[in-house]
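Worksheet for the structure shown next.
Quick note: the coordinates plus some simple rules give every number you see, no bench work behind them. As the structure is a prediction and not an experimental result, all values here were calculated from the model. Reconstructed Cβ throughout: ideal geometry from the backbone, glycine too, with neighbour counts over all protein chains shown.
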Amino acid sequence: MSPSLIGPDLKFGCVGVSAVAAATTFTSLLQARGIQVGGAPGRGVAPAGAPVASVTSPPLQDEVTEILRESENDGAEEVVKELGVRFGGAGTTPAGLAVLRTVLDGAHLPTSQLTAVDGSGLDRGDRVSCQMLVDALQVAGPAGPLSAALPVAARNGTLGKRFVNTPAAGRLRAKTGSLSGVDALSGFVDQGAGGPPLAFSLLANNLPSDAAGRALESRVGQALAAWPEAPAASSLGPLPALPAPRQAASRLGRPARLAEEAFDVLAYRLAGP
């Protein structure tokens, strides 16, 4: 326990009496908060199978909703380990990931396009394709519990302050993700014409800044929300040649230009048959 929590007047004994010291400290803390404790602190042997303490967690659906909506990395790690405990024989990340891969294989998803090192996706060794994510979203379905757990643009979670006053507000539901130089957005968006929701996945690497990734996601999200409307044909044509002295634009570097080109390709495909 932290000294700031237990106070400066509480002392711990040697290791041999640490159980009694811990019980004494715990008793003092309870009594200081008006909780009556029967009997003096001491050592003993708990009956076989008797729980020391227990906590009933919310339903798993609620836990996963919190993880997805608020991007709780620690929670994602714990869920993977819990999968290992329940179905993989050990409460470890490798055991949980093995269970996860078995489930994904059973759903006939392209797991050859997935390399998972941890449960949160924070490890730089993690790899996944857009196709894998879109296939997983389509298996889950736009009306399923996964879709209901995703953040909603301009409404809640990690998208609560994004896409405000845009066509995507209230209609785009997606999981966000970011690392230095990397941004991701995958989920569903309701069509402007009332058709079935679109499943989409955007993964952008080698970005020059977080702002560049957010800007790209904003453009793509709004374009998807406007489907089947498409940008004007004139906006998809070749851009005018840049004047040679325009040094400021060149400082954005190749990643930013690739991001712009990626959006132009996406817009072209949206406009196609």
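A few points about this structure:
- Each part reduced to its alpha carbon centroid, the range 185-225 and the range 144-182 end up 9 Å apart.
- Selection from 60, 76, 116 lying farthest towards where the dipole of the range 60-127 points positive, charges on Cβ: 116
- For the range 29-72, the calculated P(r) over all alpha carbon pairs, in 5 Å bins from 0 to the bin holding the longest distance, is 5, 13, 10, 14, 14, 10, 12, 13, 7, 1 percent.
- Taking a Cβ cut-off of under 12 Å around residue 185, the surrounding Lys, Arg, Asp and Glu residues balance to a net charge of +3, with basic ones at +1 and acidic ones at -1.
- Extension gain, residue 218-residue 131: 0.36 nm per intervening residue step, less the Cα-Cα distance, totals 29.3 nm.
- Prolate/oblate/rounded call for the range 79-158, Cα gyration tensor, a/c under 1.5 rounded: prolate
- For the pair residue 123 and residue 101, a Förster radius of 25 Å applied to the C-beta separation gives a FRET efficiency near 0.95, rounded to the nearest 0.05.
- Added length on full extension, which subtracts the Cα-Cα distance from 0.36 nm per residue, residue 33 to residue 203: 56.1 nm
- Full extension of the chain between residue 139 and residue 164 yields a length gain of 6.1 nm, computed as 0.36 nm times the residue separation minus the alpha carbon distance.
- Rounded to the nearest 20, the Cβ-based charge dipole of the range 60-127 about its Cα centre (Lys and Arg +1, Asp and Glu -1) stands at 400 debye.
- Mean Cβ neighbour count within 10 Å, used as a protection proxy, ranking 209-216, 46-53, 58-65 highest first: 209-216, 58-65, 46-53
- Most to least packed among 107-118, 30-41 [average Cβ atoms within 10 Å]: 107-118, 30-41
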